[in-house]
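Accompanying notes for the structure given below.
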Number of protein chains: 4
Amino acid sequence: MPESLKRETLLANRRLVKLGLVTLTWGNASAISREKGLVVIKPSGVPYNAMTAKDMVVIDLSGKVVGGRRRPSSDSPTHLALYEAFPTIGGIVHSHSTYATIFAQACREIPCFGTTHADAFSGPVPITRLLTKHEVEEQYERNTGRVIIERFRSLDPLAVPGVLVAGHASFTWGKSVQAAVENNLILERIAEMALHSLALNPGLTALPEHIQRKHYERKHGPDAYYGQK
Amino acid sequence: MPESLKRETLLANRRLVKLGLVTLTWGNASAISREKGLVVIKPSGVPYNAMTAKDMVVIDLSGKVVGGRRRPSSDSPTHLALYEAFPTIGGIVHSHSTYATIFAQACREIPCFGTTHADAFSGPVPITRLLTKHEVEEQYERNTGRVIIERFRSLDPLAVPGVLVAGHASFTWGKSVQAAVENNLILERIAEMALHSLALNPGLTALPEHIQRKHYERKHGPDAYYGQK
Amino acid sequence: MPESLKRETLLANRRLVKLGLVTLTWGNASAISREKGLVVIKPSGVPYNAMTAKDMVVIDLSGKVVGGRRRPSSDSPTHLALYEAFPTIGGIVHSHSTYATIFAQACREIPCFGTTHADAFSGPVPITRLLTKHEVEEQYERNTGRVIIERFRSLDPLAVPGVLVAGHASFTWGKSVQAAVENNLILERIAEMALHSLALNPGLTALPEHIQRKHYERKHGPDAYYGQK
Amino acid sequence: MPESLKRETLLANRRLVKLGLVTLTWGNASAISREKGLVVIKPSGVPYNAMTAKDMVVIDLSGKVVGGRRRPSSDSPTHLALYEAFPTIGGIVHSHSTYATIFAQACREIPCFGTTHADAFSGPVPITRLLTKHEVEEQYERNTGRVIIERFRSLDPLAVPGVLVAGHASFTWGKSVQAAVENNLILERIAEMALHSLALNPGLTALPEHIQRKHYERKHGPDAYYGQK
């Protein structure tokens, strides 16, 4: 496994803390090497300030540890299910960031109320259903991945780079683990804005479709003109 | 009294400030040595940035100062009552952190709305009743301990590591003073999330029991698999 | 004028910024020497990070500048009116801190909802009436002091160390300028807690009188036992 | 183009991040040299911590790049439209700061609820209408400027130094780019206060006109007496 992917994964995990997205050990970031079929992920329950690249755990797609002396994040089966179902993504972040978690707890999706949202997510941030008793008792973390995938049956994971798991918290992803971190931050900010926009205007409806599409397209469409060439 | 317990107690008190849980002198942490029957506690009303391990006060279980030149926290009788009633705990934190105090002031317990809560507290965060006129006039701080203990008649203090005192603020505890600090931080975060989850969905009910139990058990149950071995 | 009072006033002004109570130049602190009949106050509209003790302005009780090359805070006449009416106070702070200002703008006093409040303020934090057209047009800042004094006709300024000016923001005070700063911080925190306690429980009433009194007395009464001797 | 204007524009952009007004690349600041008919603006999508004065882009009033190797902010046509329509302004800031964006998303102007607001904005902070489908499809950024200008038909841009674009976020301006940054910060703070003032008092009406006018005039009127001479 290239050391650079371990280092990137370490930095992504640390950045979650710096950005205020993770309290204590409530979150994890992973990256995949599609060529090697291997995933680098945060160790379970290790404090962020003590982590080094050596603590990063390398697992194969069946979840077997193939590198590192630590146990991988207990959420690893969720990450693996998503990497398998979404072949275009290269990194995943799970966090219990405050405002995204508030929407997850309230069991509400986040409608697109403004261009901040439209710049990164095409349409609402979706929410899964609650897991059944059986899904919780057997392969809980794997099934968390399955209800996310079920929710994405007709969605493109790169156009909608994150989800709220009902009663739990957020997962975000992207082409790289850095993009997954940024999408987690974006989700947190748009959740905060949406919460208070609804307080100010309880009957608020989504931004007109033509503005939503414009903003998404100017950043991510075939004729995108945002950023440097 | 071992110097290490004084040092741990000092660091725990300072960490409360760093984590934003304590404003001015609104909080205190203590640790108990069960073997020696002695408690180390923060001095009363001393600014955190000026405190050293020497300022920590050692008291016996009757509240008598046996070490240190300072007066102990005025909340010492509450700490002592809890150490006596809850023999499994090793450290206690009291703080007026913003969101936990908001629930205490509103006289509402915190229902378990998500896995962030279920990971640390088994069931709702309970709230005491208000103290009577008599309980306030005589042995106020001791009686604060008593109403907490009354509320915990059928609760396990390690499964429910904290409480809201109605009209006042929070007490949290754990096997060590470090655990008590972390539980205070967790309580603050879940209180903030619960407040806004209720704003977003005023009829919100608790997370299904099977998800609550699963999360608590995967961290604290006999077959816990979270964290390193 | 003793240099030490200038230095204390400078540090008090800077601490307002560090504590997050002041944005840009929205606040000022002053201290009085009762013996000399002189007041040290922040200069008007000078950025905090550029201020030195030399920028502090010394004025007499009529408002005449007797020391320093700067113009005094435009709120000086309010400070002077309060020093004249409240002979027991030694320092005053004015700030537009977020949550205190929210209550001032909403024209609502802050009821005592918990012991955090009761520890510092005896009873609700009062609010003035709005100034009339005439009071605004002539001697506006002096009249701001007058409506505060009017509101305090039957209140002890040391037992109630602050006020909300309707539609404007807060003034707090204390025996020293340091105490005035701490009371401004306390007011900001209890305003934040009160706002959200009301959101959580819109019918919330004040803490029972016997608990309010107990907390105030244990810190400030004749038999106070909080803090070091 | 004088290097000093590039440097000021760089510092203004960086200050937006330090003040917490900009997340990721969600904002930009520009300055105009009226003599040369040239505008300095942030490059598009470049991370703030990597930007140097050399990355600043110089464009003429038609939008043509005349200095710098980068592509200018995609919002440049909005800035240019405003510089053309508002000849008294010297700097512009666009940001998606949390609370200003919340009002923009909720499609509500910000009434003047207190003196903090009145000190900087004469009257409410206005909001534009939503752009039509046609305005979005052709010259979207230019049309964003046009709906702002349409809203300012009877307003003085120096007396009302900012606007909310419906469903989007804020633009603020001033005589210099530094003033534009400060007005963006002021807008963010008054939006936060207004949101919670409305929560506390849903029927709240604007501050009486005589107090609004007094505060604006004491800072900005012909007889202003706030600040140093």
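The values are calculated or read from the model by the stated rules, or taken from the named source; none is laboratory data. Only a predicted model underlies this, so the values are computations on that prediction, with no experimental measurement involved. Cβ placement follows ideal geometry from the backbone for every residue including glycine, while neighbour counts extend to all protein chains displayed.
Worth a mention:
- Restricting A:ALA194, A:ALA179 to those that are out of contact with any Ser or Thr (no Cβ under 6 Å at 6 or more places or on another chain), among the hydrophobic types (A, V, I, L, M, F, W, C), in a helix (DSSP H, G or I) and within 26 Å of B:LEU207 (Cβ to Cβ) reduces the list to A:ALA194.
- Of the helices (runs of 4 or more DSSP H) lying entirely inside segment D:80-163, those containing at least 3 residues that are more than 25 Å from A:ASN201 (Cα to Cα), in contact (Cβ under 8 Å) with a residue 40 or more places away in the chain and away from chain A (no Cβ under 13 Å) span D:140-151.
- Among the residues of segment A:34-54, those identified as out of contact with any helix residue (DSSP H, G or I) (no Cβ under 6 Å at 6 or more places or on another chain), closer than 21 Å to A:ARG69 by Cβ and at pLDDT 95 or above are A:LYS36, A:LEU38, A:VAL39.
- Pairing residues of segment C:182-196 that are in contact (Cβ under 8 Å) with a residue 60 or more places away in the chain with residues that are among the charged types (D, E, K, R) and in a helix (DSSP H, G or I), at Cβ distances under 7 Å and at least 6 apart in sequence or on separate chains, gives no pairs at all.
- Matching option when the condition is more than 14 Å from chain A (Cβ to nearest Cβ), surrounded by fewer than 19 Cβ atoms within 10 Å (Cβ to Cβ) and of a type in the set (A, V, I, L, M), among D:ALA31, D:ALA53: D:ALA53
- Selection of segment D:135-150 for residues being touching a Leu at 6+ places or on another chain (Cβ under 9 Å) and either of a type in the set (Ser, Thr, Tyr) or at pLDDT below 95 (or both) yields D:TYR140, D:THR144.
- Taken over segment A:128-144, the residue count meeting the criterion of being of a type in the set (D, E, K, R), surrounded by 13 or more Cβ atoms within 10 Å (Cβ to Cβ) and closer than 19 Å to A:HIS79 by Cβ is 3.
- Among (1) more than 8 Å from chain A (Cβ to nearest Cβ); (2) over 21 Å from the mean Cα position of the chain (by Cα); (3) within 19 Å of A:SER44 (Cα to Cα); (4) assigned to a helix (DSSP H, G or I), the one test that B:PRO222 misses: (4)
- Enumerated strands (runs of 3 or more DSSP E) restricted to segment C:11-64, each holding at least 1 residues that are closer than 24 Å to D:ASN184 by Cβ: C:27-33
- Whichever residue in segment A:201-219 is surrounded by 15 or more Cβ atoms within 10 Å (Cβ to Cβ) and more than 7 Å from every other protein chain (Cβ to nearest Cβ) and, among such residues, is nearest to D:CYS107 (Cα to Cα): A:ALA206
- Looking only at residues of segment A:197-210 that are within 25 Å of the chain's Cα centre (by Cα) and part of a helix (DSSP H, G or I), we find that the one that is farthest from D:ILE41 (Cα to Cα) is A:LEU198.
- Filter result for A:GLY123 (crowded, with 23+ Cβ neighbours inside 10 Å, among the small types (Gly, Ala, Ser), on the phi > 0 side of the Ramachandran plot and touching a helix residue (DSSP H, G or I) at 6+ places or on another chain (Cβ under 9 Å)): no
For every residue, the table says whether it meets (1) surrounded by fewer than 23 Cβ atoms within 10 Å (Cβ to Cβ); (2) under 21 Å from A:VAL17 (Cβ atoms); (3) of a type in the set (Gly, Ala, Ser).
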residue	(1), (2), (3)
A:ARG146	yes, no, no
A:GLU150	yes, no, no
A:PHE171	no, yes, no
A:LYS175	yes, no, no
A:ARG189	yes, yes, no
A:ALA199	yes, no, yes
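- Condition met for C:ILE59 (modelled with pLDDT of 95 or more and more than 17 Å from the chain's Cα centre (by Cα)): yes
- Residues in segment A:91-120 that are among the hydroxyl-bearing types (Ser, Thr, Tyr) and under 21 Å from D:ALA104 (Cβ atoms) were compared, and the one that is surrounded by the fewest Cβ atoms within 10 Å (Cβ to Cβ) is A:TYR99.
- Residues of segment A:34-50 satisfying the condition of being buried (at least 20 other Cβ atoms within 10 Å of the Cβ) and either more than 12 Å from every other protein chain (Cβ to nearest Cβ) or among the charged types (D, E, K, R) (or both): A:VAL39, A:VAL40, A:ILE41, A:LYS42
- Looking only at segment A:164-188, residues that are small (Gly, Ala, Ser) and within 14 Å of chain B (Cβ to nearest Cβ) come to 4 in all.
- Members of segment C:164-175 found to be within 11 Å of the chain's Cα centre (by Cα) and outside any strand (DSSP E or B), listed by number: C:VAL165, C:ALA169
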